[in-house]
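Here's the structure we're looking at; comments come further down.
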Amino acid sequence: MRNNRRGPIEGESTKSRVNEKAEDRKKDYNTGPGSLCSEQGIALVMVLVLSFIALAIVSALLFMVTQGTTTSGSHGFFRTAEEAGIGGAEIAYEYMESRGYLEIPGLNLANAAAYANVCNCQNPDVFSDNLDLAASPVGRTCRCDKICNPTQSYDAPNTGGGLCDEDINVNGVQLALNPAINPDIQFLIGNAPNQYNVSIKIVDTVLGNSDIGGVLDETLGSDSVINSQSGLIYPPHNPYMYRIEVLAVRATNPRERSRLSILYAY
């Protein structure tokens with residue numbers, strides 16, 4: 001009988017070996033050290049990413065701590081300057097209440113003699129008769145004009161000009177809002193090294209009907225309707241209104257300052 005079994009064909013064996021080698025090369029390409037599909041080095045990448053995130057968090061925390069410290073220090077500096085400004089406001093209240101007289105023990109006033117007496121406004125309807133009883137000789141001064149007169153009459157024509165007007169080249173009375181320019185009151189407050197130069201300046205006055213010169217009898221509306229004398233009319237009280245600017249600047253560091261704007265009614 002004839003044997004029908006056939007041996008391996010040479011061509012098929014060669015083709016199988018070629019396919020096996022191709023598969024091995026494909027496998028090496030997908031999983032080799034330099035392949036895109038290789039998982040080798042992923043741990044290093046993850047460590048680098050996590051390190052970057054940790055570094056960003058630590059940097060943010062350090063920035064917030066540093067900024068918080070800086071802000072706290074700045075607030076502390078401003079708070080001290082603000083307290084000096086509030087002290088200046090209290091001095092301004094005392095000055096206005098006493099109508100220009102100011103004598104506070106221990107207060108380092110510049111030119112203290114200028115505040116040794118009051119301003120006599122005399123007739124409030126006559127803007128040119130103000131007398132500064134602290135002046136030598138007694139006469140009309142800018143500081144008393146600011147207390148007695150409305151802003152447009154700070155510098156009456158018969159004063160010779162230049163008493164209050166800070167810019168004679170412009171019509172009308174011109175006043176700088178900066179209290180450090182021609183202040184009405186200036187003094188040094190605090191103890192070294194925390195000393196502040198405080199400047200106070202009246203920059204605007206609105207006329208009222210308060211008794212500021214002794215002409216009225218200080219009884220505006222004080223009597224009842226039944227007890228009032230026939231023919232007397234008591235007008236409603238309209239106080240004098242003053243805008244006062246206060247500036248406190250640290251003597252050793254001008255950057256530390258506070259500015260207050262006060263509306264004072266008398």
Once label points are set 7 Å from the Cα along Cα→Cβ at both N209 and Y101, what is their separation, rounded to one decimal in nm? 2.8 nm
Which net charge results when you count Lys and Arg as +1 and Asp and Glu as -1 among the other residues whose beta-carbon is under 11 Å from that of D184? +1
Sort L50, L107 so the one with the fewest other Cβ atoms within 10 Å of its own Cβ comes first. L50, L107
If r is the Cβ-Cβ distance from N169 to Q195 and R0 is 35 Å, what FRET efficiency results, to the nearest 0.05? 0.45
Would you mind checking which residues have amide H under 5 Å from Q195's amide H? H placed 1.01 Å from N; only 5 or more apart, or other chain. A251, T252
The local net charge around S199, scoring Lys/Arg +1 and Asp/Glu -1 for residues other than S199 whose Cβ lies under 9 Å from its Cβ, equals -1
Which ³J(HN,Hα) values in Hz, rounded to whole numbers, follow from the phi angles of region 42-47 under the Karplus curve 6.51 cos²θ - 1.76 cosθ + 1.60, where θ = phi - 60° and Gly and Pro get x? 5, 5, 5, 4, 5, 4
Length gained if F78 through Y266 is fully extended, taking 0.36 nm per residue and subtracting the Cα-Cα distance, is 64.7 nm
How large is ³J(HN,Hα), in whole Hz, for each residue of region 109-115 in order, when computed from phi with the Karplus curve 6.51 cos²θ - 1.76 cosθ + 1.60 and θ = phi - 60°, using x for Gly and Pro? 7, 7, 6, 4, 5, 6, 10
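Read-outs throughout are calculated quantities, based only on the coordinates presented, and are distinct from any laboratory measurement. Everything numeric here is computed off the predicted structure, so don't read it as measured data. Positions of Cβ are generated from backbone atoms using ideal geometry, with glycine treated the same way; all protein chains shown enter the neighbour counts.
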